[in-house]
Amino acid sequence: MVRAGRKNYLFDDFIESDLIAIGWNDLGDLSKITSLSELKKRLSHTYPEYKEQAVHMNAGQINRFVREIKKGDYAVSYNSEKRIYAVGEVVSEYVYDQNFEYNHIRKMKWIGEVPRDILSTPTKNSLGSIATIFEISGEARKELENGLKQPTKKEVSSIDIEDVNNTLDFIKEDFEARANEFIKDKILSLDWCQMQELVAAIIRSLGFKTRISPKGSDRGKDIFASPDGLGLEEPRILIEVKHREGQIGAPDIRSFLGGFRPGSKGIYVSTGGFTKDAKYEAERANFPLTLIDADYLVDLIISNYDNFDMDGCSLVPLRKIYWPL
């Protein structure tokens, strides 16, 4: 797969000029580059704003186009407006040509087109990578080859629809699981003070007012919350935040509960989790106590993010993604 620029705007030029191409024009002619490490050095020098990870990723894509693709290989490009995949044979080695908008090119012999609508949902998903260039293999490759033989829109049966829905549900679950892990990565990268601010933002999103104790003077209670912010209205919530790798044990729970008075409720946040004994201690406590680990923290963020204030959003910036039902 070779993308035809952002939103496939060069697709028609690819077809009319019988070529595929990639950008990074400022790199100049790459025909003399003999290794990936040499390409990385030129990429870093030409684009100093690239971070190390970006250098590795972009160099890998450029290297595949310049050095790994061979004459006789097949390439695919996509037109999102027409919803078709153009399939063709690579008929040239790498060429540097400043006459085309993207200077790094390969000449093509286009063979045909495959409508996206005749492909299965798993194949559509595998072809949806945002990478500029990547290898197509397995079932996706077979479906594209078969699509060239019968490029007609298939009839969609009730069984097809059921299969599509089941596949979409599976992909959605996979995306959600990945998103949750990325959010968890983000919150675990916060420092201790930022974690306190995040927990306070979650509590505020639930309709309470919060007060964070000055560093060193909390006496085991990092955050205080209540409906009025003064503790005159119940519930009065005492919150402890531990942002570290180790699990919290039962002695920590007992220490936290010490000094609670009637009407108080507790929340104990530990990004390192809790031991079995700690959970048992919380269950049999004389005061209502909720334990929140990193996974529960992610769930609370997602469930209440629409009610986050600006301070909370700045700590964990998220973007809502809509998914077809």
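Taking a sphere under 12 Å around the Cβ of Glu89 and counting the other residues whose Cβ falls inside, with K and R at +1 and D and E at -1, yields a net charge of +3.
Charge dipole of region 54-157 (Cα centre as origin; +1 on each Lys and Arg Cβ, -1 on each Asp and Glu Cβ, all else neutral): 140 debye, rounded to the nearest 20. Applying a threshold of 31 Å to the alpha-carbon distances of Lys40/Lys107; Lys109/Lys172; Lys172/Lys221 flags Lys109/Lys172; Lys172/Lys221 as lying beyond it.
Dividing the alpha-carbon Rg of region 32-114 by 2.2 N^0.38 Å yields what? If you can, show how the numbers build up before the last one.
Details: Rg = 14.8 Å, N = 83, 2.2 N^0.38 = 11.8 Å.
Compactness ratio reported: 1.26.
In a reduced charge model with +1 at each Lys and Arg Cβ and -1 at each Asp and Glu Cβ, region 175-325 shows a dipole moment near 240 debye about its Cα centre. Only lysines eight or more places from Lys186 in sequence, or on another chain, were considered; those with a Cα closer than 17 Å are Lys242, Lys320.
Would you mind checking Lys32/Lys142; Lys124/Lys184; Lys51/Lys71; Lys70/Lys142 for any pair whose Cα atoms are more than 26 angstrom apart? Walk me through the numbers on the way to the answer.
Working: Lys32/Lys142 35 Å; Lys124/Lys184 28 Å; Lys51/Lys71 33 Å; Lys70/Lys142 20 Å.
Among Lys32/Lys142; Lys124/Lys184; Lys51/Lys71; Lys70/Lys142, the Cα-Cα distance tops 26 Å for Lys32/Lys142; Lys124/Lys184; Lys51/Lys71.
Projecting the Cα atoms of Leu318, Thr34, His104 onto the dipole axis of the chain, where Lys and Arg carry +1 and Asp and Glu carry -1 at the beta carbon, places Thr34 farthest toward the positive end. Length gained on full extension, Arg116 to Lys149, computed as 0.36 nm times the residue gap minus the Cα-Cα distance: 10.5 nm. Across region 6-152, C-alpha contacts under 8 Å between residues 6 or more apart give a mean separation that, scaled by the residue count, equals a relative contact order of 25 percent. Projecting the Cα atoms of Ile237, Ile69, Ile130 onto the dipole axis of the chain, where Lys and Arg carry +1 and Asp and Glu carry -1 at the beta carbon, places Ile237 farthest toward the positive end. This ranking places Glu240, Glu68, Glu89 by how few other beta-carbon atoms lie within 10 Å of each, fewest first, which gives Glu68, Glu89, Glu240.
Packing order of peptides 117-128, 251-262, highest average first: 117-128, 251-262 (average count of other Cβ atoms within 10 Å over each peptide's residues).
Given +1 on the Cβ of Lys and Arg, -1 on the Cβ of Asp and Glu, and no further charges, what dipole in debye does the chain carry about its Cα centre, rounded to the nearest 20?
Values: 45 positive and 51 negative charges, 114 e Å.
Roughly 540 debye for the chain.
Which helices of the chain meet both criteria: a Cα extent of 27 Å or more along the helical axis and a mean Kyte-Doolittle score no lower than -1.0, with helices taken as whole DSSP H segments?
Values: long enough: 158-188 (45 Å, -0.43).
Both cut-offs are met by 158-188.
Remark: relative contact order (the chain) = 12 percent; criterion is Cα-Cα distance under 8 angstrom and separation of 6 or more residues.
Just so you know, all these numbers are worked out from the coordinates, no wet-lab data involved. Since we're looking at a predicted model, the values are computed, not measured. FYI the Cβ positions are ideal-geometry reconstructions off the backbone, even for glycines, and counts take in every protein chain you see.
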